Each structure stands twice: as structure tokens, then as C-alpha cells.
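> I'd like to ask you about the structure that follows.
Every number here is computed from the coordinates shown, using simple stated rules; none is lab data. Just so it is clear, the structure is predicted and the values come from calculations on it, not from any experiment. Note that each Cβ is placed from the backbone with ideal geometry, even for glycine, and that neighbours are counted across all protein chains shown.
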């Protein structure tokens with residue numbers, strides 16, 4: 001049996017994206033890409049910020065908050081799951097993070113990388129595709145002050161929280177997909193910390209590692225038995241640079257032996273939304 005997974009990058013509801021949403025509606029962002037998202041058996045994006053109308057922005061340079069209706073539009077477009085393990089999920093505080101999880105739950109969209117406490121934030125999402133079980137773990141290595149989940153407080157998952165989970169998740173699944181938020185913004189090469197973490201994840205049993213945060217595409221590597229795509233770039237965003245408008249939707253075909261095929265689908269961000277470009281590349 002084979003399962004096709006699709007993994008994309010950052011959804012960023014900054015001022016420009018919010019203005020486009022108000023003018024064109026939320027469905028506009030998904031029109032060109034939804035057919036590809038729906039092709040997959042399981043599609044994962046990074047929700048860079050909260051989905052809420054509540055909370056107050058934290059004193060940081062950029063804070064992102066999306067309207068509640070986004071959750072339903074994600075599901076309609078074919079998104080199965082989002083990562084909340086990033087440096088913006090707590091931008092409007094714990095209340096907004098809890099709202100985010102509630103809206104996603106109501107829409108039928110899974111999440112990982114954040115939770116009501118440290119244990120739930122680090123928990124794997126394990127999906128049985130009828131003969132092939134795949135576990136998904138998300139976390140952030142870019143950690144603003146006050147973001148990590150505590151023993152009894154909501155927040156995001158960090159590397160130290162998920163490392164103990166990985167081996168158990170891998171032992172109970174045929175494949176382990178890890179989605180880290182890491183790296184330096186704007187750089188097309190992984191830094192030493194990313195490479196070190198990739199080795200830790202591979203040693204813990206990761207089958208596939210797909211990252212984001214740099215807002216540009218970074219390269220592919222084999223680290224031990226793991227396939228690593230260091231950054232797939234943006235997904236919904238209005239970046240200024242051409243480099244940041246180039247992104248990838250990674251299609252991975254998995255079976256019980258591991259990764260059978262990787263196909264990065266080139267994307268170009270125009271008007272804040274991802275538009276597939278040309279043919280799919282095979283690795």
C-alpha cells in the first residue's frame with residue numbers, strides 16, 4: 001500500500017493578506033492550489049499565527065491573526081492538518097491559541113505542535129490509512145519568550161519536548177514525518193543548528209523531515225535513513241522579494257519501506273496565493 005502526503009509552507013495573515021481577504025474572500029487564496037491539495041491522502045500546512053478574534057498582540061515585531069472562517073476554508077481546500085509549532089501561534093496569547101485549536105477542531109482540521117500543556121503540544125498525530133500508519137510530529141526551534149507549553153499551561157512544542165516522543169511514535173507507525181520550524185529567515189542554505197537537529201531527528205527514527213520558517217526554499221539532503229527538505233518556503237503570504245515568492249508543495253509517496261518518491265511542485269506566490277508552476281520535479 002502507498003500513501004501520498006503533501007506538505008506546504010507558511011500561511012501568514014499579515015496586513016496585506018488580510019486586505020486581500022476582505023476584498024476577495026478567503027476562498028481566493030486556495031483556488032489555484034486546491035486541486036493539488038485534494039490529490040493527496042493527507043495534506044499539511046504551517047499555520048503561522050492564530051485563528052481568533054480575541055487576545056492582544058504581544059510586544060514583538062510581527063504578530064499574525066487570521067479570521068475564524070479560515071479553518072473551514074482550509075478543510076474545503078483539502079487541508080488535513082496544520083502545524084502550530086512555530087514562533088507566531090502565541091502572538092495573541094493563550095486565549096487566541098485555544099481559539100485556534102477550537103476552530104480547527106470544529107472544521108475537521110487536525111493540528112500538532114501546540115496544545116493545552118507540554119504533553120499535548122508534543123503529542124504525535126497518528127493516522128491509519130487502512131494498512132499504513134503514519135505519525136506526524138511538529139515543533140519549533142525558533143522559540144519566543146513565553147511560547148513553550150508548560151506542564152499546565154498552553155503553548156507550543158519545542159525540540160526538547162518532542163524528542164522523547166519520537167521513538168515511541170516511530171515504534172507504533174510505519175513512517176514518521178517530522179515538521180520542524182527552524183533556520184534563518186531569507187537564507188537558502190540550512191544552518192549548522194538545522195543540520196544538527198536533522199541528525200537528532202533521523203537518529204530518533206524520522207522517515208521524512210520537512211521544515212519551514214526561512215520563508216525561502218532550502219535544499220534536500222539524506223541524513224541517515226531520513227529524507228530532509230529543509231524549507232518549503234511560504235504558502236499564503238505577500239513577500240516583496242522574488243526569492244520569497246518562490247515556494248514548493250512537496251508531494252511524498254510513502255509505503256512500509258519508507259519514502260518511495262518525492263516530488264517538489266514549484267509554486268509562485270501572486271496576490272498572496274500559491275500558483276503551481278509547470279511540471280513536478282522528481283528527487
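> Taking only Cα atoms and a 10 Å spring cutoff, compute GNM fluctuations for the chain and point out the largest among 92, 62, 230.
Result: 62 has the largest fluctuation of those listed.
> When a footprinting reagent is the concern and you count Cβ atoms within 10 Å, what order do 101, 47, 90 take, fewest first?
On the way: 101 22, 47 32, 90 27.
Result, fewest neighbours first: 101, 90, 47.
> Using alpha carbons only, how many angstrom separate the centre of the stretch 71-147 from the centre of the stretch 10-70?
When both Cα centres are located, 14 Å separates them.
> Taking only the alpha carbons of the stretch 98-185, what extent do you get along each of the three principal axes, in Å, biggest first?
41, 30, 29
> Right, something else. For residue 243 and residue 22 in the same chain, what is the full-extension length gain: residue separation times 0.36 nm, less their Cα-Cα distance, in nm?
76.9 nm
> Another question about this same structure. Decide, for the stretch 3-276, between rounded, prolate and oblate: order the square roots of the alpha carbon gyration tensor eigenvalues as a ≥ b ≥ c, take rounded if a/c falls under 1.5, and otherwise choose prolate if a/b is larger than b/c, else oblate.
It comes out rounded by the Cα gyration axes.
> Say we join alpha carbon atoms closer than 10 Å with springs in a Gaussian network model of the chain; which of 260, 240, 167 then has the biggest fluctuation?
240
> By how many nm would the segment from residue 56 to residue 277 grow when fully extended, if each residue of separation counts as 0.36 nm and the alpha-carbon distance is taken off? Before the final figure, lay out the partial values.
Values: separation 221, 0.36 × 221 = 79.56 nm, distance 3.83 nm.
Stretched fully, the residue 56-residue 277 segment lengthens by 75.7 nm.
> I need the shape label for the stretch 1-107. Rule: rounded when a/c is under 1.5, else prolate if a/b > b/c, else oblate, with a, b, c from the alpha carbon gyration tensor.
Here the stretch 1-107 falls in the prolate category.
> Looking at the square roots a ≥ b ≥ c of the eigenvalues of the Cα gyration tensor of the stretch 124-283, which shape do they give, rounded for a/c under 1.5, prolate if a/b is larger than b/c, or oblate?
Since a/c reaches 1.5 but b/c is at least a/b, the shape of the stretch 124-283 is classed as oblate.
> In addition: Say we join alpha carbon atoms closer than 10 Å with springs in a Gaussian network model of the chain; which of 272, 55, 115 then has the biggest fluctuation?
Of 272, 55, 115, the most mobile in the Gaussian network model is 55.
> I've got another one for you. Quick one: order 196, 4 by neighbouring beta-carbon count within 10 Å, fewest to most.
Working: 196 12, 4 17.
Ordered from fewest to most neighbouring Cβ atoms within 10 Å, 196, 4 come out as 196, 4.
> Ranked by Cβ crowding within 10 angstrom, fewest neighbours first, how are 48, 151 ordered?
Working: 48 30, 151 7.
Ranked by crowding around the Cβ, least crowded first: 151, 48.
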